[in-house]
Amino acid sequence: SQVIRMNVLYGGYEPNAFTIRSGVPTQWLIDGSQAGGCASVLQAPQLGIGQTLLKRGINTITFTEPQPGTYAFSCSMGMYRGTITVIPNG
């Protein structure tokens, strides 16, 4: 498996760009303790992700993305954005 980590800050996501391998289960660990307003909802429609972030503890989203490409994620209003780039495994 692979793990990516992100903090939700008042001004956006840190970091806001990731690279992962295709076909490998991924855990996305998100610290939402500073999330507020629209940043408290994370959406990545192409990955089938839409989640309200808890402000206490770490939010964990697990997914496996088999197809190489670049996938966008954002807050519910699209103000804060980022990308996950999936590269071929191997």
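The values are calculated or read from the model by the stated rules, or taken from the named source; none is laboratory data. What you see is a predicted model, and the numbers here were worked out from it, not measured in a lab. Cβ: placed from backbone, ideal geometry, glycine included. Neighbour counts: every protein chain shown. Note: accessible area is taken over every heavy atom of the protein model, side chains too, but ligands, DNA and RNA are not part of it. Shrake-Rupley method; radii C 1.70, N 1.55, O 1.52, S 1.80 Å.
Among the protein heavy atoms of the chain, carbon and sulfur supply 50% of the accessible surface, probe 1.4 Å, non-protein parts ignored.
Site pair Val24 and Ile49 shows an inter-label distance of 1.6 nm when each label is modelled 7 Å from Cα along Cα→Cβ. Restricting the chymotrypsin sites (Phe, Trp or Tyr not before Pro) of the chain to loop positions (DSSP other than H, G, I, E, B) with no more than 15 neighbouring Cβ atoms within 10 Å leaves Tyr10.
These residues, Arg21, Arg56, go from largest to smallest accessible area, 1.4 Å probe, as Arg56, Arg21. These residues, Val3, Val8, Val41, go from largest to smallest accessible area, 1.4 Å probe, as Val3, Val41, Val8. Placing unit charges on the Cβ atoms only, positive for Lys and Arg and negative for Asp and Glu, gives the chain a dipole magnitude near 100 debye about its Cα centre.
Can you classify segment 37-80 as rounded, prolate or oblate using the Cα gyration tensor, where a ≥ b ≥ c are the square roots of its eigenvalues, rounded means a/c under 1.5, and otherwise it's prolate if a/b beats b/c and oblate if not?
oblate
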